[in-house]
Amino acid sequence: QVHLVESGGGLVQAGGSLRLSCVASGNIAGIDAMAWYRQAPGAQREMVANIIGSDNTNYANSVKGRFTVSRDKSKNSLYLQMDSLKPEDTAVYYCHTYPPCDSWGQGTQVTVSS
């Protein structure tokens, strides 16, 4: 089982930046693909960005050019650099490992004020 812990959320003004971090522990040997998801109030959880291996990345259209996903395998960590934040980016952000290590973190709140 994989345990994921996110950090780095907070309150920021529109146009600002935040950097989210996710540290994985436990049975991490099988982790290849990881992702950031988010869920706004009353909305479904959606994929924000994912990374397969070290540098194969994909982004939701709504965040392309503003967010950057990266990972440091030596630190078992996943990151999400969020720039030019908008109020519509407000959500709880979750770290996720794809199957076979199918796990979710507890989430970190990101609030962007206008």
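The values are calculated or read from the model by the stated rules, or taken from the named source; none is laboratory data. These numbers were taken from a predicted model, which means no experiment stands behind them. Ideal geometry is used to build each Cβ from the backbone, glycine not excepted, and the neighbour counts take in all protein chains shown. These area figures cover heavy atoms from the full protein model, side chains too; ligands, DNA and RNA do not enter into them. Shrake-Rupley method; radii C 1.70, N 1.55, O 1.52, S 1.80 Å.
Worth a mention:
- Those strands (runs of 3 or more DSSP E) of the stretch 1-82 in which 3 or more residues are surrounded by 13 or more Cβ atoms within 10 Å (Cβ to Cβ), out of contact with any His (no Cβ under 6 Å at 6 or more places or on another chain) and at negative phi occupy 2-7, 18-26, 33-39, 46-52, 56-59, 67-72, 77-82.
- Meets criteria (in contact with a Ser or Thr (Cβ under 6 Å, 6 or more places away or on another chain) and closer than 14 Å to residue 17 by Cα) for residue 112: yes
- Close pairs from the stretch 51-64: first within 23 Å of residue 75 (Cβ to Cβ), partner modelled with pLDDT under 95 and outside any strand (DSSP E or B), Cβ under 9 Å, at least 6 apart: 52/32; 52/98; 53/32; 54/73
- Of the residues making up the stretch 99-114, those that are open to solvent by less than 60 Å² (accessible area, probe 1.4 Å) and hydroxyl-bearing (Ser, Thr, Tyr) are 103, 108, 111, 113.
- Members of the stretch 83-96 found to be open to solvent by less than 50 Å² (accessible area, probe 1.4 Å) and either at pLDDT below 95 or not in a strand (DSSP E or B) (or both), listed by number: 85, 89, 90
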